[in-house]
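As structure tokens, the structure follows; a few thoughts come after it.
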Amino acid sequence: MTSDNPARASILSRLRSRHIDGGDEKTRHLAEPAYGNQEHFLKQLAANGSVAEPALNVRGALNRIRELSLQQGWSVKPAIAPGIHKMLTDDHQWDADKPDLSLPESVAITQAYCGISDTGSIVCLSSPDNPTTYHFLAEHHIVLLQKSRIMQCKHDVWALMRKEQMDTPRAINIISGPSRTADIEQTIQLGAHGPRSLTVFLINDLNP
């Protein structure tokens, strides 16, 4: 049976072609993960209301975070994710205790699994070394992201996890900027349901 509607005929033709080719979803899981463009990632990151900072390594990022804390008046000692502390066993500028993330101007520092170029998002996997509470309870969230791990889109994140044989964690958090809502008098409010600022450190090397 044919259709007299050209638009409908065009849609059906594309669907049939996709089915013959095997379908995007049937073949995507076999593909290598595609890496994204760093400049586009930074552009999307800024559009989401986040701030990007460069750093050579983890220690350099922490030194810069210390400067930011003084500049921004963040008087509460940052909560550093346990996995980052393990990288810096000889660094004592912040010790490994757990500051209260409910305090005003609290800061949490975590590590991203990867970034997503087309949305300017960061992907954080929950684990004992990278607790999910650190991503959402502090007023200011700072994330360390290795700049070579910026993927093109969300599907490439799953492809990367398969390639690296990552076990699926209890939570996969895709974060696109600080928390915001317009429920209050239709005005954008930051920090209503989570951090009111997000700073992403693009690091050359995640070694200390």
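Laboratory data are not the source of any read-out in this text; all were calculated from the coordinates shown. The structure displayed is predicted, hence computed values, not measured ones. Because the Cβ atoms are built from the backbone with ideal geometry, glycine has one as well, and the counts that use them run over all protein chains shown.
Some points to look at:
- Under the Karplus curve 6.51 cos²θ - 1.76 cosθ + 1.60, θ = phi - 60°, whole-Hz ³J(HN,Hα) for region 106-120, x wherever Gly or Pro sits: 5, 10, 10, 10, 10, 10, 8, 6, 6, x, 10, 5, 6, 10, x
- For region 50-58, backbone phi angles converted through the Karplus equation (6.51, -1.76, 1.60; θ = phi - 60°) give residue-by-residue couplings of 9, 10, 10, 9, x, 7, 6, 7, 5 Hz, Gly and Pro being listed as x.
- Amide H partners (placed H, <5 Å) of Y113, local residues excluded: V123, C124, L125
- Loop-located trypsin sites (Lys or Arg not before Pro) across region 93-171 with a Cβ neighbour count of 14 or fewer within 10 Å are R170, with loop assigned by DSSP.
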